[in-house]
1. Skipping prolines and chain starts, which residues have an amide H placed within reach, meaning under 5 Å, of the one on residue 52, given they are 5 or more residues away or on another chain?
2. With both bridge residues required to lie in the chain, what share of the DSSP beta bridges run antiparallel, to the nearest 5%?
3. With only alpha-carbon atoms counted, please give the Rg and Dmax of the stretch 1-89, in Å.
4. Holding the Cα-Cα limit at 31 Å, pick out from 50/100; 48/168; 25/154; 120/182; 50/194; 100/154 the pairs that are longer than that.
5. Calculate how steeply helix 92-103 sits against the longest principal axis of the alpha-carbon atoms of the chain, using the helix alpha-carbon long axis, and give the answer as 0 to 90 degrees to the nearest 10.
6. When the Karplus curve 6.51 cos²θ - 1.76 cosθ + 1.60 is applied with θ = phi - 60°, which whole-Hz ³J(HN,Hα) does each residue of the stretch 186-193 get, with x for Gly and Pro?
7. Dipole magnitude of the stretch 110-197 about its Cα centre, charges +1 at Lys/Arg Cβ and -1 at Asp/Glu Cβ only, in debye to the nearest 20?
8. Please list, in chain and number order, the residues 5+ apart from residue 192 or on another chain whose amide H is under 5 Å from its amide H, with Hs placed from the backbone.
Amino acid sequence: MKRRIAFLDFDGTITTKDTLLEIIKFQKGFARFYLGLLIQAPILVAYKLKIISNHLAKQILLRFFFGGMSADAFQTRCDEFTIVVLPHLIRPKALIEIRKLLDSGAEVVVVSASAENWIKNWSNSLGLQLISTILEHRNGLITGRFEGKNCYGKEKVRRIQIAYDLSKYDEIYCYGDSGGDKPMMSLATVSFFKPFR
């Protein structure tokens, strides 16, 4: 029997929106979310203009909103987000495809630049594996920095190759929706770009 593995990007591919912004909105409320974006506008503009990297911009945003927050309290709110908000952000066609892949015997892996904190309960509930960005915490507090690198672009490829020996698979499926997914999609025997729209 053929061995199959599928790698799916999360934000924008499986979901309809960027979940980093949604988790900030959920944890901090609309007023603090929009005020924070206004304060951080120069950083966001610098990122859009490619003056600073995705890696740096994201850490600045995370540090601004969550730096110094209790890691336990942060995780509790992430778990609530998984129940209250996340199901409404999942694309129905993505869920159908994931179930088809699982039913066919494929290993299914979510590969995301978003943090594991607000994805892992959802991915675990479906029996999916997860490769994602890991947030650093020290002395029980969120620092706003990453442990290792942001799981984006070429880092997705590096993390996949560490976790899986792709030579053992007959078929490799990759699903993505942005330039940050293209390196991962180059690993595929079959790739799908924006497949669930």
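Read the figures in this text as sums done on the coordinates, not as results from a lab. In this text the structure is predicted, and so the values were computed from the model without any measurement. Ideal geometry is used to build each Cβ from the backbone, glycine not excepted, and the neighbour counts take in all protein chains shown.
1. 47
2. The antiparallel fraction comes to roughly 20 percent.
3. Final numbers for Rg and Dmax: 15.6, 55 Å.
4. Numbers: 50/100 38 Å; 48/168 39 Å; 25/154 29 Å; 120/182 23 Å; 50/194 23 Å; 100/154 28 Å.
Those over the limit are 50/100; 48/168.
5. Value to nearest ten degrees: 50.
6. Here the 3J(HN,Hα) series is 5, 7, 7, 7, 9, 10, 9, 10 Hz.
7. Working: 12 positive and 9 negative charges, 50 e Å.
The dipole magnitude comes to about 240 debye.
8. For residue 192, the qualifying residues are 174, 175, 176.
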